[in-house]
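S.K.: Take a look at this one; I'll ask things after.
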Amino acid sequence: MGSGVGPAEVALPSRICVSIGHGNPEMLLKLARAEAERGESFFEFCLEFLENPHDGPEIVRQFLRDWPGAWVLVTCRREERNFNASIEEQLALLGAAVEAGARGIDLEIETARQRCSWMDEIGQRCARIVSYHNFTGCPPLAPILQELESIPADIIKVAVRAEGEDTVQRLMQAAQRCRQPNLMLAMGPEGLMSRIIGPVLGRSFTYAAPAGHDGTASGQPDARTLREIFGIG
């Protein structure tokens, strides 16, 4: 996958990605295995949640040993949770997770804008998401989207704090205008609708929490709710 990848070239296994973040490696594996036993096939492992994020590649390897057909996406956000390291260490860790079998990476714009050549190169080995997060509100989207679309990636993601119903409307309008597959998510209870209709408008997927456990972002329903109540997937 080079920087010119089109929407049809990222063959995601599901419109629902179960996002898992936990400090304990065994608990992360337990949650992932439980979801796989329920029939889920698409997972996000948030390595920055781990007490030692460098355990991440081995966790990916162990999980895929038991569930070789699963599709694992990895994150390891700098200066969040338990990961405070250099960009070089971050990219090395994500690369090691890909070597262990991860099928995709999600890199925040703060790092990606400084390492476009790495994003171009890693695209030969996995799918790439470049993401923008704002946990306090929803600023003007046009300049954010313009920068995200300038980064070599297969999917762009915007996750902002819902300030009201108009936040969801603005995100859904942006999803339809965007030239490439995207995730436009409003975090918090008021943003639930963006998680339901976003996968269709953005030609991609949405995130779910593990059953009976908190998600990695505010407002994530579990996969069963998304499937059985809202008809996703």
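S.K.: Pairs only if they're at least six apart or on different chains, beta carbon under 8 angstrom, first in region 221-233 and surrounded by 15 or more Cβ atoms within 10 Å (Cβ to Cβ), second basic (Lys, Arg) and assigned to a loop (DSSP other than H, G, I, E, B); list them, first residue then second.
M.R.: ALA223/ARG38; ARG224/ARG38; ILE232/ARG15; GLY233/ARG15
S.K.: Considering only residues of region 46-60 that are in contact with a Gly (Cβ under 7 Å, 6 or more places away or on another chain) and assigned to a helix (DSSP H, G or I), which is farthest from ASN24 (Cα to Cα)?
M.R.: Step one: of region 46-60, the residues in contact with a Gly (Cβ under 7 Å, 6 or more places away or on another chain) are 46-47, 49-51, 60.
Going one step further and asking which of them are assigned to a helix (DSSP H, G or I), we end up with 47, 49, 60.
On the way: LEU47: 10, PHE49: 9, VAL60: 14 Å.
Filtering region 46-60 for residues that are in contact with a Gly (Cβ under 7 Å, 6 or more places away or on another chain) and assigned to a helix (DSSP H, G or I), the one farthest from ASN24 (Cα to Cα) comes out as VAL60.
S.K.: List every residue pair whose Cβ atoms lie under 7 Å apart, where the two residues are 6 or more positions apart in sequence or sit on different chains, the first residue falls within region 199-218 and is assigned to a helix (DSSP H, G or I), and the second residue, located anywhere, is of a type in the set (S, T, N, Q).
M.R.: PRO199/THR206; LEU201/GLN176
S.K.: Can you find even one residue in region 61-83 that is polar (S, T, N, Q), assigned to a loop (DSSP other than H, G, I, E, B) and at pLDDT below 95?
M.R.: Taking region 61-83 as the starting set, the residues that turn out to be polar (S, T, N, Q) are 62, 75, 82.
With assigned to a loop (DSSP other than H, G, I, E, B) added as a condition, the list becomes 82.
Add one more test, that the residue is at pLDDT below 95, and what stays is 82.
Looking through region 61-83, at least one residue is polar (S, T, N, Q), assigned to a loop (DSSP other than H, G, I, E, B) and at pLDDT below 95.
S.K.: Among what's in region 166-204 and is over 19 Å from THR216 (Cβ atoms), out of contact with any Cys (no Cβ under 8 Å at 6 or more places or on another chain) and β-branched (Val, Ile, Thr), pick the residue that is modelled with the highest pLDDT.
M.R.: The selected residue is VAL168.
The values are calculated or read from the model by the stated rules, or taken from the named source; none is laboratory data. Please read all numbers here as calculations on a predicted model, not as lab measurements. No Cβ is skipped: glycine too gets one built from the backbone with ideal geometry, and neighbour counts run over all protein chains shown.
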